[in-house]
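Read the structure below first, then the notes.
The values are calculated or read from the model by the stated rules, or taken from the named source; none is laboratory data. None of these values were measured; they are calculated from a predicted model. Backbone-built Cβ (ideal geometry, glycine too); neighbour counts: all protein chains shown. Just the protein is used for accessible areas: all its heavy atoms, side chains included, with ligands, DNA and RNA removed. Shrake-Rupley method; radii C 1.70, N 1.55, O 1.52, S 1.80 Å.
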Amino acid sequence: MISLFPVLPSRTGIAAGGFIALLALEQLAPFKKPVDRRLPRYLRNVFLMVFNGAAMQWLFGGAIIAFTAFLAEHQLGLLNHFHVSGPAAFAVSFLTLDLATYAFHWAYHVSPPLWRLHRVHHSDLDLDVTSASRFHIGEILLSTIYRIGVIAYIGPTFGAIVAFEASLLAFAQFEHSNIKLPGDWDRRLRWVLVSPDMHRVHHSDVRGHTNSNYGTIFTCWDRLFGTFNVDGIDQERIKIGIPEYQKLDEVTLPKLLVMPLGPRCQVAGRSPLIAESAYGKTPSPV
Ligand SMILES: [Zn+2]
């Protein structure tokens with residue numbers, strides 16, 4: 001769910017536009033009442049967004065563009081090696097980057113050391129558009145290095161990278177937002193794309209819910225690997241967060257920054273395919 005977008009051009013318009021539109025919608029028709037104090041929480045999450053964005057720009061600004069050009073020029077990466085180009089290269093690149101993001105998100109949940117970083121994101125006691133930017137800088141750095149490795153392996157076109165990163169950011173904002181789609185739009189949407197209801201389950205404090213729904217753009221990966229988990233779950237009853245960090249004074253900004261060094265949480269280290277659920281439908285073992 002972490003985007004390389006801070007280091008790609010033209011990001012400000014999409015990021016700011018989506019953020020403001022969804023934030024306004026959440027004020028007009030919020031789905032859940034907030035648990036945390038709204039303004040301090042907004043400031044905390046927005047601080048992390050600005051700090052992480054500035055740090056990544058400083059560390060990687062321009063590097064992704066230069067790196068992609070280098071891959072194409074030297075015909076590096078699988079797509080360049082097999083001379084795949086045009087729409088086929090775009091489609092393969094886009095799908096592979098989404099699958100790679102799914103896989104790394106899964107790893108963040110089942111690996112205790114990685115979960116230490118990722119729990120900063122999951123410790124948010126409310127879910128809204130600001131949650132999409134609430135990550136520890138360590139997770140941002142690790143995910144960026146991983147994504148650069150995937151890009152080197154695939155050799156996607158620059159256009160595919162930009163389209164994917166823009167979509168990733170837009171979907172992350174959309175699916176974290178505190179909104180309820182009208183009618184059965186959410187159910188229809190998630191036949192193909194990750195929806196707010198689906199991602200809300202991922203942020204539930206129930207372990208069998210947290211360890212499911214790892215997708216960011218397409219739902220096919222969760223369906224394929226048996227981690228799709230939304231049907232039959234009562235959205236009204238979902239409690240956001242993780243059991244170990246439910247108190248407001250445990251999720252202040254200074255505590256978020258050192259949270260990876262805290263005691264081990266129970267949620268990680270389990271296969272999501274055998275996750276149990278306190279209520280609702282549980283993904284069946286495969
Ligand atoms: Zn997660």
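Residues that are open to solvent by 10 Å² or more (accessible area, probe 1.4 Å), within 16 Å of the ligand (Cβ to nearest atom) and not charged (D, E, K, R) within the stretch 120-142 comprise Leu127, Ala132, Ser133, His136, Gly138, Ile140, Leu142, listed in sequence order. The listed residues are Val84, Val120, and the only one of them that is touching a residue at least 12 places away in the same chain (Cβ under 8 Å) and either in contact with an Asp or Glu (Cβ under 7 Å, 6 or more places away or on another chain) or not hydroxyl-bearing (Ser, Thr, Tyr) (or both) turns out to be Val120.
His203 falls short on exactly one of the conditions (1) touching a residue at least 40 places away in the same chain (Cβ under 8 Å); (2) over 26 Å from Asp36 (Cα atoms); (3) touching a strand residue (DSSP E or B) at 6+ places or on another chain (Cβ under 8 Å), and that condition is (2).
If you go through the stretch 206-227 and pick out every residue that is more than 18 Å from Ala107 (Cβ to Cβ) and free of Cβ contacts under 8 Å to residues at least 60 places away in the same chain, you end up with 3.
Restricting the stretch 73-106 to residues that are of a type in the set (Gly, Ala, Ser) and surrounded by fewer than 16 Cβ atoms within 10 Å (Cβ to Cβ), the residue that is nearest to the ligand (Cβ to nearest atom) is Ala103. In the stretch 173-227, counting only helices (runs of 4 or more DSSP H) that sit wholly within it, the ones holding 3 or more residues that are within 15 Å of Asp128 (Cβ to Cβ) span 196-202. Just wondering, is there one or more residues in the stretch 61-69 that are touching a helix residue (DSSP H, G or I) at 6+ places or on another chain (Cβ under 6 Å), modelled with pLDDT of 90 or more and either more than 16 Å from the ligand (Cβ to nearest atom) or outside any helix (DSSP H, G or I) (or both)? Among the residues of the stretch 61-69, not one is touching a helix residue (DSSP H, G or I) at 6+ places or on another chain (Cβ under 6 Å), modelled with pLDDT of 90 or more and either more than 16 Å from the ligand (Cβ to nearest atom) or outside any helix (DSSP H, G or I) (or both), which makes the answer no. Against the test of being out of contact with any helix residue (DSSP H, G or I) (no Cβ under 7 Å at 6 or more places or on another chain) and assigned to a helix (DSSP H, G or I), the options Ala132, Ala100, Ala91 yield a single qualifying residue, Ala91. With respect to the conditions (1) open to solvent by less than 10 Å² (accessible area, probe 1.4 Å); (2) free of Cβ contacts under 8 Å to residues at least 60 places away in the same chain; (3) on the phi > 0 side of the Ramachandran plot, Gly155 falls short on a single one, namely (2).
In this structure, does Asn178 turn out to be open to solvent by 10 Å² or more (accessible area, probe 1.4 Å), of a type in the set (S, T, N, Q) and farther than 29 Å from Leu71 by Cβ? Walk me through it before giving the result.
Values: open to solvent by 10 Å² or more (accessible area, probe 1.4 Å): yes; of a type in the set (S, T, N, Q): yes; farther than 29 Å from Leu71 by Cβ: yes.
Taking the combined requirement at face value, the residue satisfies it.
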